[in-house]
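What follows is one structure encoded as structure tokens, with my remarks underneath.
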Amino acid sequence: MTNELAEFYAGRSTPEITQDLLGHELIYDTPAGRMSGWVVEAEAYLGEQDTAAHAFNGRHTAANAALYDAPGTIYIYILRGYYMLDIATQTVGTPQGILIRGIEPHEGLDLMQQHRDKPVPDISNGPGKLTAAIGLQSKDLNRTLLGTHNLTITAEKTRQPKEVAATSRVGVSAGSWQDRPLRFTVAGNPYVSGSRKRDWDRDNHGWQN
């Protein structure tokens with residue numbers, strides 16, 4: 001991982017990092033070409049005390065070991081048959097992470113539609129949809145650092161949200177953390193999962209000009 005990426009994660013809380021990740025670009029290079037998209041939706045998961053987190057109550061298994069690795073480590077898992085992309089955020093041994101839930105395509109939309117034959121914005125407006133769209137359909141990159149292979153997220157924003165919305169996370173079962181505002185979205189962006197058409201910013205997709 002580059003020094004710039006390491007600095008992005010250093011010394012900040014996971015919710016701060018998650019909110020700031022909006023507008024950064026996820027980039028996946030493949031033999032067929034590059035696919036990329038701006039992060040428009042992400043959720044923070046806060047480890048041992050978070051009832052919705054994979055590491056709740058200190059759970060530490062081979063499956064979730066990536067969460068205990070260095071910040072910027074890729075954690076890939078399967079949920080209901082879909083691959084999910086998560087990024088560890090804290091120092092080694094502190095199992096907190098960010099689930100990337102939606103991207104707005106930038107480069108390689110034609111390749112994405114070969115992988116996932118859906119119209120925009122349905123092509124990448126959900127965590128399983130975006131991994132299918134970019135063709136990330138294995139755990140090969142699990143426990144590797146962003147930027148060390150063919151998957152990275154830029155250290156700097158390449159687009160600036162006009163407004164960031166914070167809501168409860170999606171699909172979190174009953175528990176003391178069910179309603180906490182740990183899901184961050186680019187307000188008005190059509191690629192946010194479950195967003196309503198009447199709320200879309202059709203001109204700028206929620207970005208500053």
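The values are calculated or read from the model by the stated rules, or taken from the named source; none is laboratory data. Predicted, not measured: the structure shown is a model, and the values here were computed from it. Cβ placement follows ideal geometry from the backbone for every residue including glycine, while neighbour counts extend to all protein chains displayed. Side chains included, ligands, DNA and RNA excluded: accessible areas come from the protein's heavy atoms. Shrake-Rupley method; radii C 1.70, N 1.55, O 1.52, S 1.80 Å.
General remarks:
- Rounded to the nearest Hz, the phi-derived 3J(HN,Hα) couplings of the range 81-91 under the Karplus curve 6.51 cos²θ - 1.76 cosθ + 1.60 (θ = phi - 60°) are x, 10, 7, 10, 10, 10, 10, 5, 10, 10, 4, where x marks glycine and proline.
- Fraction of accessible area attributable to carbon and sulfur, the range 62-209 (%, probe 1.4 Å): 46 percent
- Expected 222 nm ellipticity per residue - DSSP helices of 4 or more, -39500 (n - 2.57), all of the chain, to 500: -3500 deg cm²/dmol
- Sorting 197-205, 89-97, 111-119 by average packing, meaning the other beta carbons within 10 Å per residue, from highest down gives 89-97, 111-119, 197-205.
- Overall dimensions of the range 57-114 as given by Cα atoms, namely Rg and Dmax in Å: 13.9, 43
- Placing pseudo-labels 7 Å out from each Cα toward the beta carbon at GLU48 and LYS162 gives an inter-label distance of 4.4 nm.
- For the chain, the dipole from Cβ point charges (+1 on Lys and Arg, -1 on Asp and Glu) about the Cα centre works out to 560 debye, to the nearest 20.
- The chain: C-alpha gyration tensor shape, a/c 1.5 cut-off, then a/b vs b/c: rounded
- 5 angstrom amide H check on ILE103, placed H, neighbours 5+ away: VAL40, GLY126
- Among GLN178, ASN64, TRP200 the positive-end extreme of the charge dipole of the chain (Cβ point charges): GLN178
- Reduced Cα scattering model of the range 79-158, Debye log10 I(q)/I(0), q = 0.11 Å⁻¹: -0.31
- For LYS118, the aspartates and glutamates whose Cα comes closer than 15 Å to its Cα, not counting residues fewer than 8 places off in the same chain, are GLU104, ASP110.
- Cβ-Cβ distance of ARG202 and TYR82, R₀ of 30 Å, FRET efficiency by 1/(1 + (r/R0)^6): the value works out to about 0.60.
- Rounded accessible area per residue of the chain, 1.4 Å, Å²: 46 Å²
- Stretchable slack from ASN209 to HIS60, in nm (0.36 nm times residue separation minus alpha-carbon distance): 49.2 nm
- With the simple model of a label 7 Å out from the Cα in the direction of the Cβ, GLN137 to GLU16 spans 4.0 nm.
- Size estimate for the range 113-155 follows the Kirkwood approach: the inverse of mean 1/r over distinct Cα pairs works out to 11.5 Å.
- Considering the range 1-112 at the alpha-carbon level, its Rg and Dmax are found to be 14.3, 43 Å.
- Square roots of five times the Cα gyration tensor eigenvalues for the range 126-192, Å: 25, 19, 13
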